[in-house]
Amino acid sequence: MNVGVSLTSAYPAGDPRGGARMMIERAAAARRADLDSLFVGDHHATPGAYYQNVPIMGRLLAEWSDKPAGCLFLLPLWNPVLVAEQVGTLAAIAQGRFILQVGLGEDEAQFLAMGASLKTRPSAFEESLAAIRRLLAGESVTATGRFTFENARVALRPAAPVEVWIGATANVAIDRAARLGDAWLASPGLIPAAAAAKNAIYRERCVAHGRVPTAIAIRRDVYVGASKSDAAETLAQAVTKGYRGFDPAALVAGDVEQVVGQFQALAEMGYTDVIVRHFTNDHAKVLGSFARLGEVRRALS
């Protein structure tokens with residue numbers, strides 16, 4: 001199983017350089033741990049400080065290796081030509097393969113702030129993805145549907161093909177991921193039983209659409225403790241605060257051996273990649289957890 005990271009992009013208000021510095025240090029820690037991939041997410045018009053995906057990833061790539069890296073784009077919120085241009089630029093900066101993670105997005109306030117429609121997001125998503133793929137292939141593209149543009153071209157294109165990982169949770173969205181994506185990214189909120197069931201659905205839909213995925217990935221919010229008690233205490237603190245509204249069973253916590261066991265269980269379900277994010281924002285704890293994630297990854301190799 002591959003172990004990658006999707007870095008937290010939201011930080012408490014204060015010195016705006018502070019959160020950026022923590023992201024840079026965490027990317028460097030992920031490289032030292034020899035993790036398999038590096039990602040950042042995508043949100044807009046957030047109530048708290050959120051570091052936007054393209055500029056922060058451009059900086060983080062200076063800390064990264066030649067292993068895969070990528071960004072999430074909530075496609076209904078973006079002009080497809082702009083996404084293709086940003087991907088082309090980031091792929092040129094990256095030393096290794098670039099992965100385009102895409103999703104529908106949610107939260108009506110975010111859609112209103114970005115001038116997009118929540119109701120038409122599925123059709124906007126499909127139109128956008130089709131246009132982006134054609135633009136990255138060097139085609140001239142005109143759109144007259146959810147997006148409107150004429151004779152668009154992208155000259156700075158990735159040197160290697162860009163994989164598309166589609167995030168999806170609802171069964172209809174999982175079918176869309178099987179039909180349109182190169183890979184599926186499962187939600188971090190899935191408890192183990194649901195993660196196994198959704199994996200089976202995705203595999204069945206891939207067969208139905210005649211597709212062979214390049215990866216079957218799942219997001220997991222984690223903490224690898226210095227000891228079992230350290231992990232248990234850190235988990236309890238997060239759960240007490242109602243961490244993201246998640247069922248605690250969806251969170252991964254323990255010492256190295258315990259986390260290896262929980263990741264192996266995901267591999268047995270059919271997942272090829274686990275993409276982690278820390279459920280604690282204590283910077284010292286996060287850096288320590290990254291070092292121990294390196295041990296987890298080596299144990300899974």
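Values in this text are rule-based calculations from the coordinates and carry no lab data. Quick caveat: nothing in here was measured; it's all calculated off a predicted structure. Please note: Cβ atoms are built from the backbone with ideal geometry, for glycine as well, and neighbour counts cover all protein chains shown.
Of all residues in the range 218-232, exactly one satisfies the criterion of being exposed (fewer than 13 other Cβ atoms within 10 Å of the Cβ) and not in a loop (DSSP other than H, G, I, E, B), namely Ser229. The set of residues in the range 173-205 that are in contact with a Pro (Cβ under 9 Å, 6 or more places away or on another chain), farther than 18 Å from Ile275 by Cα and of a type in the set (A, V, I, L, M) comprises Ala173, Ala178.
If you check Val3 against the conditions, is it touching a residue at least 40 places away in the same chain (Cβ under 8 Å) and either on the phi > 0 side of the Ramachandran plot or under 18 Å from the mean Cα position of the chain (by Cα) (or both)?
Details: touching a residue at least 40 places away in the same chain (Cβ under 8 Å): yes; either on the phi > 0 side of the Ramachandran plot or under 18 Å from the mean Cα position of the chain (by Cα) (or both): yes.
So Val3 fits the description; yes.
Only a single criterion out of (1) part of a loop (DSSP other than H, G, I, E, B); (2) surrounded by 13 or more Cβ atoms within 10 Å (Cβ to Cβ); (3) within 22 Å of the chain's Cα centre (by Cα) is not satisfied by Glu106, namely (2).
The residues in the range 210-266 that are aromatic (Phe, Trp, Tyr), within 17 Å of Ala195 (Cβ to Cβ) and free of Cβ contacts under 8 Å to residues at least 60 places away in the same chain can be counted, and the count is 1. Tell me whether the range 143-159 contains one or more residues that are within 21 Å of Asp36 (Cα to Cα) and either outside any strand (DSSP E or B) or charged (D, E, K, R) (or both). The answer is yes, given that some residue of the range 143-159 is within 21 Å of Asp36 (Cα to Cα) and either outside any strand (DSSP E or B) or charged (D, E, K, R) (or both).
Scoring Trp184 on the criteria (1) of a type in the set (Phe, Trp, Tyr); (2) touching a residue at least 40 places away in the same chain (Cβ under 8 Å); (3) touching a strand residue (DSSP E or B) at 6+ places or on another chain (Cβ under 8 Å) leaves a single failure, condition (2). Of the residues that make up the range 147-163, is at least one over 29 Å from Leu60 (Cβ atoms), in contact (Cβ under 8 Å) with a residue 60 or more places away in the chain and surrounded by 12 or more Cβ atoms within 10 Å (Cβ to Cβ)? Within the range 147-163, one or more residues are over 29 Å from Leu60 (Cβ atoms), in contact (Cβ under 8 Å) with a residue 60 or more places away in the chain and surrounded by 12 or more Cβ atoms within 10 Å (Cβ to Cβ).
Ile201 passes every criterion in (1) surrounded by fewer than 20 Cβ atoms within 10 Å (Cβ to Cβ); (2) under 24 Å from Leu38 (Cα atoms); (3) touching a residue at least 12 places away in the same chain (Cβ under 8 Å) apart from (2).
For residues in the range 164-183 being within 22 Å of Leu135 (Cα to Cα) and out of contact with any Leu (no Cβ under 7 Å at 6 or more places or on another chain), which is surrounded by the most Cβ atoms within 10 Å (Cβ to Cβ)? Let's see the steps before the verdict.
Going residue by residue through the range 164-183, those that are within 22 Å of Leu135 (Cα to Cα) are 164-167, 176-183.
Among the residues that remain, those that are also out of contact with any Leu (no Cβ under 7 Å at 6 or more places or on another chain) are: 176-179, 181-183.
Working: Arg176: 21, Ala177: 28, Ala178: 24, Arg179: 15, Gly181: 26, Asp182: 18, Ala183: 20.
Step by step, filter the range 164-183, then rank; the result is Ala177.
When Glu268 is tested against (1) of a type in the set (Asp, Glu); (2) over 24 Å from Tyr11 (Cα atoms); (3) buried (at least 17 other Cβ atoms within 10 Å of the Cβ), just one condition goes unmet, and that condition is (3).
Condition first: more than 24 Å from Ile56 (Cα to Cα) and without any contact (Cβ under 8 Å) to a residue 24 or more places away in the chain. Can you find one or more residues in the range 92-108 that meet it? Looking through the range 92-108, at least one residue is more than 24 Å from Ile56 (Cα to Cα) and without any contact (Cβ under 8 Å) to a residue 24 or more places away in the chain. Among the residues of the range 233-242, the ones that are touching a strand residue (DSSP E or B) at 6+ places or on another chain (Cβ under 8 Å) and either assigned to a loop (DSSP other than H, G, I, E, B) or more than 21 Å from Leu293 (Cα to Cα) (or both) come to 0 in all. Tell me whether the range 115-131 contains one or more residues that are surrounded by fewer than 20 Cβ atoms within 10 Å (Cβ to Cβ), in contact (Cβ under 8 Å) with a residue 12 or more places away in the chain, outside any strand (DSSP E or B) and aromatic (Phe, Trp, Tyr). No, that holds for no residue.
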